[in-house]
Amino acid sequence: MDNRVAVISIIVEDRKQADVLNDILHEYSGYIIGRMGLPYSKKNLNIICIAIDAPLNTINALTGAIGRLPDVTAKVSYAKK
């Protein structure tokens, strides 16, 4: 299966989920190009952006695993090629 480049946008509203989220991301670390995290204390949340190069089903599995965490939202945008 061909790899796709995508960006996963994650919003964490409960910091207690950070350890579980990091464990999930570690499982997929071989596919991750880069990661940027921004704490937003004014709204008491964290914003994380993950750039990934992986097969489509891997990207979907990662996004789904993250999105199933309580108080965590994940959305994915794919490159056209």
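Hey, what D do you get for the chain in µm²/s if you plug the Kirkwood alpha-carbon radius into Stokes-Einstein at 37 °C and 0.692 mPa s? Let's see the in-between values first.
Details: Rh = 12.8 Å.
It comes out at roughly 257 µm²/s.
Seen from all sides and averaged, what is the projected area of the convex hull of the Cα atoms in the range 40-81, in nm²?
On the way: hull surface 14.3 nm².
Computed as one quarter of the Cα hull surface, the answer is 3.6 nm².
All of the numbers you see were taken from the coordinates with simple rules; none came from a lab. These numbers come from a predicted model, not from an experiment.
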